Amino acid sequence: DSVVLHWKKLGVLMVGPYGDWLRFPYKNTENLWIVPEIDCCRVVTDNSIEILQRVPPATAPLLRMGSIEPSAMLLDASDSFESGSPSSDEAARAITKTGMLLEAIETCMDAATREYDVVMQKRLLRAASYGMHFSYKDPTRSTIMGGSTATNENSDYMPSKMAIKFAVTARKLRILNALRDPRVGFVLSTLQY
């Protein structure tokens, strides 16, 4: 999506497909290398390794100021619930009525896997979990939390595909965050996992 260049006195310059550009100054750096990756560039200096990448498509509309995307509304409802506001219930029910709750849950989980900040990952996963609880209470969508994936008589006790996906997402984030720990120093993106 872009071209990344390095000049010794200018720093790193990223030029987008429509001529837009961003400059990242790297002062007091003797050596700097740009390593291309599948979904980002690593900027390797004498003192650090940084990842330079485009904002993921799932994250941009979710975190955009004033966004009315279902995932952004779910995140706001979850934040309201965490702060104790009674309006969180109404916001979550409004998303449920639009029929976009499942999409909002999946978008929050996808955005969490592409996020590097652990606090934001937890916030996005809490929003997905909050939405799953509302879907479970919705009598028209009884397949979110459990009951639909098994075909035997104990099907009411089997987790749904969405619940399994949530658990897999949480496990993936635990592994990626353990690898990203500075003591380990092996930073991987979600696509590299």
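In the complete set of protein chains, residue-level accessible area for E69 is approximately 80 Å², probe 1.4 angstrom. Computed with a 1.4 Å probe over protein heavy atoms only, the accessible area of K165 comes to about 90 Å². Accessible area per residue (1.4 Å probe, heavy atoms of protein chains only) ranks I175, I95 as I175, I95, with the largest value leading. For segment 54-97, the carbon plus sulfur part of the accessible surface works out to 58%, probe radius 1.4 Å. Taking the average, over residues, of other Cβ atoms within 10 Å as the packing measure, peptides 82-89, 40-47, 124-131, 57-64 rank 124-131, 57-64, 40-47, 82-89 from highest down.
Dividing the mean sequence gap of close Cα pairs (under 8 Å, 6+ apart) by how many residues the chain holds gives a relative contact order of 11 percent. Considering the zone a paramagnetic label at L32 would reach in this model (a point 7 Å from Cα along the Cα-to-Cβ line), which residues of segment 1-21 have amide N under 15 Å from it? Correct set: 4-15. Protein heavy-atom accessible surface, 1.4 Å probe, per residue over the chain: 64 Å².
Applying the Karplus relation 6.51 cos²θ - 1.76 cosθ + 1.60 with θ = phi - 60° to segment 178-186 yields 3J(HN,Hα) values of 5, 5, 7, 4, x, 6, 8, x, 10 Hz, where x marks Gly and Pro. The string of couplings for segment 88-96 from the Karplus curve (6.51, -1.76, 1.60, θ = phi - 60°) is 4, 5, 5, 5, 5, 5, 5, 5, 4 Hz, one whole number per residue in order, with x for Gly and Pro. Ranking W21, W7 from most to least accessible surface, computed with a 1.4 Å probe over the protein chains only, gives W21, W7. Computed from the C-beta positions of M158 and D181, the FRET efficiency with R₀ = 30 Å rounds to 0.30. Modelled this way, with points 7 Å down the Cα-to-C-beta line, the labels at W7 and K122 are 4.3 nm from one another.
With the helix formula -39500 (n - 2.57) applied to DSSP H stretches of n ≥ 4, the chain reaches a computed 222 nm mean residue ellipticity of -14000 deg cm²/dmol. Pairing the Cα long axis of helix 118-137 with the longest principal axis of the chain, what angle in degrees results, from 0 to 90 and rounded to the nearest 10? The angle comes out at about 20 degrees.
The values are calculated or read from the model by the stated rules, or taken from the named source; none is laboratory data. Keep in mind it's a predicted model, so treat the numbers as computed, not measured. Note that we place each Cβ from the backbone using ideal geometry, even for glycine, and neighbour counts take in every protein chain shown. Calculation scope for accessible area: heavy atoms of the full protein, side chains included, ligands and nucleic acids excluded. Shrake-Rupley method; radii C 1.70, N 1.55, O 1.52, S 1.80 Å.
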